[in-house]
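Every read-out reported here was derived from the displayed coordinates using simple, explicitly stated rules and does not represent laboratory data. Treat the numbers as computed from the prediction; the structure is a model and nothing was measured. Quick reminder, even Gly has a Cβ in these numbers, built from the backbone with ideal geometry, and neighbours come from all protein chains shown.
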Amino acid sequence: MKQLVLLCVLIFFSCKSEPEPVAGPTDAQENMYTIKAEDIEKLKYTDYVLSPESSAAILDWQLFQDLQGHIELLKSGNLSFFRVEKDIMKEFIVELKIQQPPVVITPAIKSRMTVLETNLLRLQDLSNLDNIKKGDLLEAIKELLIADANLKLQMNKKFEKEAQQIQLPVKQQE
């Protein structure tokens, strides 16, 4: 009988009456993976704005306008556009290229579009990973922002060069 009472007392004290809280992600762990607007503002890169001529030329290029809106959201830390399935992102890129106005189809702009496409897909892949380091994700964001800025710069250069009135010297016949 003594042993039975002792066994009951041991069982009673060994059982915890309160369940232990499940260890969730702490604030420090969450900050390691969460991208905020402040993090993106700290990135060093040169951003360009489209010139009035470039803006007028691509006014009807709706998917480019949508992409610029998504990039502005990205600058505020919103990665929702990039957290889609790869097929959806590829379809968006194909449509973006198809709708590209003929006036902005040059070899230099095509190469910038290819770089932009690569960086869009890379950021999409990285943002869909659960355990991606914040530094790696910020680097991919920076590369995308640089690719976008370079595309805008190239479009501006194209229209600036076209606006120049260069007169060639007249050759004299001998």
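Our note on the geometry: Cα centres of segment 125-174 and segment 35-61, 11 Å apart.
In this simple spin-label approximation, Ile132 and Ala108 carry label points 7 Å from Cα along the Cα→Cβ vector, and these lie 3.1 nm apart. Gain on full extension, evaluated as 0.36 nm per residue between Lys86 and Gln167 minus their Cα-Cα distance, stands at 24.2 nm. For a 27 Å ceiling on Cα separation, which of these pairs sit above it: Lys86/Lys161; Lys97/Lys142; Lys44/Lys152; Lys42/Lys152; Lys86/Lys142? From the list (Lys86/Lys161; Lys97/Lys142; Lys44/Lys152; Lys42/Lys152; Lys86/Lys142), the Cα-Cα distance tops 27 Å for Lys86/Lys161. In cubic angstrom, how much convex hull volume per residue do the alpha carbon atoms of segment 35-123 span? It is 107 Å³ per residue.
Here the label points at Glu53 and Asp66, each 7 Å from Cα along the C-beta direction, are separated by 3.0 nm in the simple model.
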